[in-house]
Every structure is written in structure tokens, then in C-alpha cells.
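S.K.: Please find one structure pasted underneath; my questions will follow.
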Amino acid sequence: MTVVGVTGLNSFLGAPGMGIVRALRLSGDRDLRIVGMDYSPFSDGLFSGSLDKAYVIPHPRRRRRFLERLKEINKVEKIDVIIPSLDEEVVLLSEMRDSIESLGIRCLIPDSRCVSRVRDKASQIEFMRESGIPHPKSMIVTASSNLDEITRDMRFPVLIKCEDGAFPAFNEEELRILMRRLGRKKFVVQEYLEGDEYSICILAHPEGRICGHVMQKKLAQSDIGNTLIGVVVDRRDVLEISRDFVEKLGWIGPMELEFIGMRELYLTDVNLRFPAWVSLTAAAGVNLPYAVVQIALGRKYEIGRQRTGLAIVRAVEDLYVDIFDIFKYK
Amino acid sequence: MTNQSSKFLPRKTVRDQIEDKRGYLFDEETGYVYELNETGCKIWILLKEGLSNEEIVSKMAQEYDVDVTTLENDVKEFLKRLVEYGILEVVR
């Protein structure tokens with residue numbers, strides 16, 4: 001029996017946990033016990049029926065409590081591998097790696113030094129600059145930065161990127177309002193480029209190379225930029241830039257990279273975990289969540305090649321639950 | 001760039017689905033999907049059989065009641081576009 005802990009079960013909010021669970025189930029491995037963990041007692045994944053067991057855990061911001069709760073759960077479940085689904089959990093687990101491993105839990109993530117180089121949007125831009133990774137023209141600014149300086153060098157529309165997401169500004173006034181509202185120490189103002197959009201889900205082996213990937217072209221998106229329909233493609237430059245990024249960074253584990261452009265592509269976003277559409281990797285013949293489990297446990301595992309032309313249509317499924325079960329995790 | 005005896009072949013990254021009166025081409029590199037009309041489908045099938053530009057025009061002329069010069073121009077324009085889109089490559 002292999003016990004796998006999966007976090008981030010709120011599909012409605014775009015967390016990838018249930019996509020990971022689906023991929024693990026698609027592996028057909030009946031020897032897997034999947035333990036779900038989420039910080040909200042009302043996350044849809046808790047009620048999905050796809051988990052062998054579910055627990056509510058503290059938000060990763062509550063560091064000490066998070067580790068204590070994980071220890072409690074581990075006493076009962078004896079988790080072999082944990083797959084974190086939120087960027088903040090990846091940051092935290094990388095800092096607590098020794099404590100987690102001392103519990104006998106394996107986790108495919110890099111050390112905290114590596115994670116800190118890309119832990120927020122501003123550090124990601126700094127890393128791309130240092131490493132010569134093509135990206136849209138960007139400025140790292142603070143709330144007290146000189147607006148004239150920004151508008152002199154950047155062309156509107158721009159995107160303001162921070163932990164809370166990406167917000168467009170079409171002119172100087174909108175930018176001023178956004179900057180005042182966010183009032184953050186550090187964020188990124190980036191020129192908005194038009195073009196085709198691609199995202200790639202990769203798995204970096206502890207040896208420091210990409211050992212599996214699935215890439216999609218976004219065919220339809222929602223107003224706020226979530227992919228509604230995508231199709232598996234095989235664009236060489238997407239993989240080349242991703243390889244360059246991962247190898248220069250020394251990343252280990254899952255990651256999602258997003259690109260925009262026409263003939264030339266630019267890296268626009270980096271997520272330190274599996275994307276919400278991760279179940280597509282299993283459907284396309286490259287089951288990356290299952291590969292994480294096998295590699296983390298030091299088992300030999302042959303990762304296949306992606307099947308191009310397979311499209312994904314994102315959907316939300318409603319669940320019907322007895323009223324008393326709703327409060328089961330409260 | 002091309003002449004009447006030029007031969008074109010679909011690039012390996014292109015997949016097709018050809019029906020009676022319409023068809024689709026999917027470029028697995030870029031993710032673009034192209035729709036073909038009935039005539040486009042016919043030309044595409046002949047291309048896949050390995051026929052040259054000239055041979056395609058000659059085959060089409062047997063089927064369509066249209067003067068050869070118009071047909072030559074239309075086929076040439078169609079093939080030129082597919083080359084531009086990266087769907088076809090010129091093999092000679």
C-alpha cells in the first residue's frame with residue numbers, strides 16, 4: 001500500500017488537488033491510498049468521494065500549526081509521499097523538508113534556496129532577467145515608486161502581477177489607482193503582449209532535468225484568463241525555454257510555465273506546482289502525478305510521450321451531499 | 001518559389017480529418033486548426049497521394065468545368081497559403 005497525501009482540494013477556486021487525485025486514480029494502481037488535505041472544511045474535494053480519507057489542515061501561513069497537524073495525520077495514515085498543490089505550501093515544505101522527511105514522508109520539491117529564487121512574481125522576473133529567459137518587458141516596483149518613471153518606459157496596457165493575481169491597467173490613471181489599492185512592498189508591472197498562449201506542465205527529476213511534460217495551447221479562456229478549452233500540442237520552443245529555465249534554476253518536482261507570443265514566445269508566468277488542468281497529463285499518456293509518487297519513492301518509472309491533438313474541456317461538477325456530511329470536517 | 005512540377009507534402013506535425021464536403025487540419029506544433037471546403041479536401045487528398053502541382057491541376061480539370069488557367073491559379077494560391085501556414089513543405 002502506498003499512501004499519498006494531496007492538498008489543495010478546492011477545484012472551484014482553481015486548486016489542482018482534485019486533478020492530481022483524478023490522475024492518480026487514472027493510473028489504475030489499486031495499491032494507492034489517497035489522503036486529501038485542505039484548509040477549508042467546505043472545499044468541494046472533501047465531498048467528492050474520490051478520496052480514501054480527508055482532513056482539514058491549517059493554512060500554510062500558520063507554519064507551526066501546519067507541521068503539528070501533519071504529524072498528527074501522519075501518525076494515523078503513515079503517508080509515503082505528499083504532493084503539495086499551493087505555491088505557499090511548496091515554499092513552506094521546502095523550508096521544513098528535514099522535519100517532513102524525518103516523519104518518513106517523501107516530497108518531490110527543491111531546497112528552500114532554489115524555491116526562494118522564484119517564490120513571488122518579482123523574484124521570478126529577476127531570475128528570468130539574470131538567466132536570459134525571454135519574458136515581456138517588466139518593471140519591479142513598489143507602492144512608492146515614481147509613476148512617471150514607469151509610464152515613461154512601459155507601453156499600455158500593462159498587467160500588475162502580485163500574489164493576488166494579475167490586474168490590467170489600460171492607462172496611467174488606472175495604474176495609479178491599482179498601485180494605491182494594492183499598496184504592496186513589491187510587485188511587477190508588465191507590458192501586455194498579444195498572441196497565442198501556451199502552458200506546459202513539467203516534472204523535473206532530482207537529477208536536474210525535465211523527465212516528463214505535457215503542453216497545451218489555450219483555445220478558449222474566461223474573462224479572468226482561466227483556460228476553458230486547451231489542446232495538447234508539441235511546440236519545440238516551449239520545451240526548449242522550459243528546459244533552460246528548469247536547468248538554470250535547478251528545480252525539482254512539478255511546475256507550470258505559461259507563454260505568449262507568435263513566432264517568438266515569452267515566458268509570462270511560473271507556478272511552483274501542478275496546474276489545475278493536470279489530469280490532462282494522465283489522459284494524454286504522461287501521468288505526471290503518478291510519476292511524482294514513483295520517483296519520490298525511488299522507483300524506476302518509464303514516463304511516456306504526450307498524445308497531441310487531445311483537447312481538454314474544463315468543467316465543474318456539482319455534488320449532492322447529506323446536510324450532516326457538510327459539517328463533517330468543520 | 002514553386003513551379004508547376006513542384007511537389008508538396010504535408011508536414012509530419014499535421015493531422016487531418018477529411019469528410020465528404022469538409023475537412024480539418026490540425027497542426028500539432030502550433031495548435032492551429034484549419035477548415036477545408038470541398039475543393040480544399042480534394043486537393044489535400046491528391047497531395048497526400050504524392051501528386052505534383054501539375055498533376056493536381058490535371059486531375060481537378062477532369063472533375064470541374066472550369067478553364068485551366070483559373071484552376072492553375074486557384075490551386076497555386078491554395079498551396080502557397082498552406083506553405084505559408086507551415087502545413088506543407090516543398091519537396092522538389
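The values are calculated or read from the model by the stated rules, or taken from the named source; none is laboratory data. Here the structure is a predicted model, which means the values were calculated and not measured. We place every Cβ from the backbone using ideal geometry, glycine too, and count neighbours over all the protein chains shown. Please note that ligands, DNA and RNA were not included when accessible areas were found on the heavy atoms of the full protein model with its side chains. Shrake-Rupley method; radii C 1.70, N 1.55, O 1.52, S 1.80 Å.
S.K.: Across the stretch B:7-40, what is the total count of residues that are out of contact with any Phe, Trp or Tyr (no Cβ under 8 Å at 6 or more places or on another chain), within 14 Å of chain A (Cβ to nearest Cβ) and either assigned to a helix (DSSP H, G or I) or among the β-branched types (Val, Ile, Thr) (or both)?
M.R.: 2
S.K.: Which members of the stretch A:239-260 meet the condition of being in a helix (DSSP H, G or I) and either in contact (Cβ under 8 Å) with a residue 40 or more places away in the chain or open to solvent by less than 30 Å² (accessible area, probe 1.4 Å) (or both)?
M.R.: Residues satisfying the conditions are A:Leu239, A:Ile241, A:Ser242, A:Asp244, A:Phe245, A:Val246, A:Lys248, A:Leu249.
S.K.: I'm checking my understanding of the structure. Among residues of the stretch A:197-211 that are open to solvent by 20 Å² or more (accessible area, probe 1.4 Å) and touching a Lys or Arg at 6+ places or on another chain (Cβ under 8 Å), which one is nearest to the other protein chains (Cβ to nearest Cβ)?
M.R.: A:Glu197
S.K.: Would you confirm whether or not the stretch A:239-255 contains a residue that is aliphatic (A, V, I, L, M), within 14 Å of another protein chain (Cβ to nearest Cβ), within 25 Å of A:Pro168 (Cα to Cα) and out of contact with any Phe, Trp or Tyr (no Cβ under 6 Å at 6 or more places or on another chain)?
M.R.: Within the stretch A:239-255, none of the residues are aliphatic (A, V, I, L, M), within 14 Å of another protein chain (Cβ to nearest Cβ), within 25 Å of A:Pro168 (Cα to Cα) and out of contact with any Phe, Trp or Tyr (no Cβ under 6 Å at 6 or more places or on another chain).
S.K.: Please verify whether the stretch B:25-42 includes one or more residues that are at pLDDT below 90 and within 30 Å of A:Gln306 (Cβ to Cβ). Break it down stepwise before answering.
M.R.: Taking the stretch B:25-42 and keeping what is at pLDDT below 90, we get none.
Looking for residues that are at pLDDT below 90 and within 30 Å of A:Gln306 (Cβ to Cβ), one finds none in the stretch B:25-42, hence no.
S.K.: Here is a follow-up. Does B:Glu63 satisfy being among the acidic types (Asp, Glu) and modelled with pLDDT of 90 or more? Step through it out loud before you land on a result.
M.R.: Values: among the acidic types (Asp, Glu): yes; modelled with pLDDT of 90 or more: no.
Here the answer is no, as B:Glu63 does not meet what is asked.
S.K.: Can you name the residue in the stretch A:212-225 that is among the polar types (S, T, N, Q) and open to solvent by 10 Å² or more (accessible area, probe 1.4 Å) and, of all such residues, is farthest from the other protein chains (Cβ to nearest Cβ)?
M.R.: Once the filter is applied, the top-ranked residue is A:Ser222.
S.K.: Restricting to the stretch A:261-275, count the residues that are open to solvent by 30 Å² or more (accessible area, probe 1.4 Å) and in a loop (DSSP other than H, G, I, E, B).
M.R.: Within the stretch A:261-275, residues that are open to solvent by 30 Å² or more (accessible area, probe 1.4 Å) and in a loop (DSSP other than H, G, I, E, B) number 4.
S.K.: Is it the case that the stretch B:41-61 has a residue that's assigned to a strand (DSSP E or B), surrounded by fewer than 18 Cβ atoms within 10 Å (Cβ to Cβ) and either among the β-branched types (Val, Ile, Thr) or away from chain A (no Cβ under 12 Å) (or both)?
M.R.: no
S.K.: A further question on this structure: Please find, among A:Arg273, A:Arg305, the residue that is farther than 22 Å from A:Tyr192 by Cβ and under 18 Å from the mean Cα position of the chain (by Cα).
M.R.: Of the residues listed, the single one that is farther than 22 Å from A:Tyr192 by Cβ and under 18 Å from the mean Cα position of the chain (by Cα) is A:Arg273.
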